[in-house]
1. Among the candidates Cys201, Cys291, Cys216, single out the residue that is in a strand (DSSP E or B) and at pLDDT 85 or above.
2. Given the criterion farther than 22 Å from Gly267 by Cα, in contact with a Lys or Arg (Cβ under 8 Å, 6 or more places away or on another chain) and among the hydrophobic types (A, V, I, L, M, F, W, C), identify the matching residue among Ala396, Ala351, Ala373.
3. Condition test on Asp134, is it in contact with a strand residue (DSSP E or B) (Cβ under 9 Å, 6 or more places away or on another chain), open to solvent by 10 Å² or more (accessible area, probe 1.4 Å), in a strand (DSSP E or B) and at pLDDT 70 or above?
4. For segment 79-97: of the residues being at pLDDT below 75 and more than 30 Å from Asp7 (Cβ to Cβ), which is most open to solvent (accessible area, probe 1.4 Å)?
5. Any residue that is assigned to a helix (DSSP H, G or I) and either under 18 Å from Ile294 (Cα atoms) or more than 41 Å from the chain's Cα centre (by Cα) (or both) - is there at least one of those in segment 367-383?
6. If you check Ile300 against the conditions, is it of a type in the set (A, V, I, L, M), modelled with pLDDT of 95 or more and out of contact with any Lys or Arg (no Cβ under 9 Å at 6 or more places or on another chain)?
7. Kindly list the number of the only condition in (1) in contact with a Leu (Cβ under 7 Å, 6 or more places away or on another chain); (2) of a type in the set (S, T, N, Q); (3) assigned to a helix (DSSP H, G or I) that fails for Thr266.
8. Among (1) touching a Lys or Arg at 6+ places or on another chain (Cβ under 7 Å); (2) touching a residue at least 60 places away in the same chain (Cβ under 8 Å); (3) over 21 Å from Asp263 (Cα atoms), which single condition is Phe338 missing?
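The values are calculated or read from the model by the stated rules, or taken from the named source; none is laboratory data. Bear in mind that the values here come from a model prediction, so they are computed numbers and not experimental data. Neighbour counts are summed over all protein chains in view; Cβ atoms, including those assigned to glycine, are modelled from backbone coordinates with ideal geometry. Note: accessible area is taken over every heavy atom of the protein model, side chains too, but ligands, DNA and RNA are not part of it. Shrake-Rupley method; radii C 1.70, N 1.55, O 1.52, S 1.80 Å.
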Amino acid sequence: MLVVSTDLDGRITGVAGRWPGAGVAATSQLTDLVHTRNHDLLERVSAWVSGGGSVERGVGVQVRTREGWNEATVTAVSLDGNGVRWCFSPVLADPMRAAVAAVTEDRDVAAVLDVALGAFADAGTTAWATVHYDRDEHDRYRAVVATTGRDTFRRAVEAATAGDHPQAWDAELPDEPLDTELAAFGDGIKLAGPHAGVGSCLLMAIPAAAGGDAACLAVWSETAGQLQSPEMVLLVRRVAAALTLAFQVEAGRDGQRKLATRDVLTGLWNRQSFFAHLNSAAAKRNCAVACIDIDDFRAINDWHGYPAGDDVLVSMAARLRQLMRPGDVVARVSADEFAVLCVEVRDEQAAATIAERLVQVCDEPFTVAGTKAVVDVSVAMAMSSPERCGPQLFDAAERVLLEVKDEARGSWRLA
């Protein structure tokens, strides 16, 4: 709160209070007041003082300090002797410009969130803010970004929301700021609050680009009154807009990365991405590459049509994804051929076991054009060695795959 005294001509005669970012404001620091719309604020006040006019609470002004122009709202105006007494509340900084700059610099989403939340710290408030995102299977937020520097606060929130409290965020997230006592929320927030020394929490949903919620903005305070002020609500809205930008840009980046690295039909890694993984694993010992080709796939397209063939490819991709381990890389490398990079394969016996399982992935009939049909695959598996790694490993499996296709379809062979 900043209290400014002026004479009836608008000259500043006294200043009391503190302005965020500018320390204790003095008369020499505060040099001018300008109405942001039509520059008639002083005339309106003079008319009010004379008994004919009025000044609406919340009218916007620009207050100039030595640090520059600051946006503010008038919360009270009164006659003070031969002058006017003004009460201002600062409109806290808009973080959008900093967030846009961070996005332009291609910084990751966590860094952009930190920049956006920095508006709370820059404003000099005693409220703390966090962004919670990346939910687990219990719909609990796993990732937490905090900018206040209060490590105990961050740890308390993380422990409460990631612990044994599936309903930590069981409150319905509003689209507009809503200050609520901690008792209204689930166990996670109620546990975090006392540990962090806060008694009230303002929650606001951050929308995702594709609908739903991308994250939750939480603003914490020792008392509820601070979070209910118009200035705080405005700041929260501005921060939420910057956060929304950050998540929408990140979603766009994810979409671009997916288009560049994934097969559009099956969702598996594409050929280029497979070789990137293969090169990165080249230095690792005990790798193996399996090439899997669907036998007589052209006949499926010829007899039943390309949509039926696409259905078989999607089903095959799902079976391969389910069969392989989390660390293995499954890719579609051509029209009817898949490849798998298997890591930590002990020996040829282990590779043979994997190849046999890959052939058995077709034991269950496929649905082709609404009917059950038998589909077979041919498999070739190549083990890495000091002389054979990276793309050479794939080439070795490809050569043997041609032999299997010519001599023993529906079976497997080691390269």
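1. Cys291
2. Working: Ala351 fails: in contact with a Lys or Arg (Cβ under 8 Å, 6 or more places away or on another chain); Ala373 fails: in contact with a Lys or Arg (Cβ under 8 Å, 6 or more places away or on another chain).
Checking each option against the conditions leaves just Ala396.
3. Values: in contact with a strand residue (DSSP E or B) (Cβ under 9 Å, 6 or more places away or on another chain): yes; open to solvent by 10 Å² or more (accessible area, probe 1.4 Å): yes; in a strand (DSSP E or B): yes; at pLDDT 70 or above: yes.
Considered against the rule, which asks whether it is in contact with a strand residue (DSSP E or B) (Cβ under 9 Å, 6 or more places away or on another chain), open to solvent by 10 Å² or more (accessible area, probe 1.4 Å), in a strand (DSSP E or B) and at pLDDT 70 or above, Asp134 comes out as yes.
4. Arg97
5. Among the residues of segment 367-383, not one is assigned to a helix (DSSP H, G or I) and either under 18 Å from Ile294 (Cα atoms) or more than 41 Å from the chain's Cα centre (by Cα) (or both), which makes the answer no.
6. No, not satisfied.
7. Only one criterion in (1) in contact with a Leu (Cβ under 7 Å, 6 or more places away or on another chain); (2) of a type in the set (S, T, N, Q); (3) assigned to a helix (DSSP H, G or I) is unmet by Thr266, namely (3).
8. Checking Phe338 against (1) touching a Lys or Arg at 6+ places or on another chain (Cβ under 7 Å); (2) touching a residue at least 60 places away in the same chain (Cβ under 8 Å); (3) over 21 Å from Asp263 (Cα atoms), the one that fails is (3).
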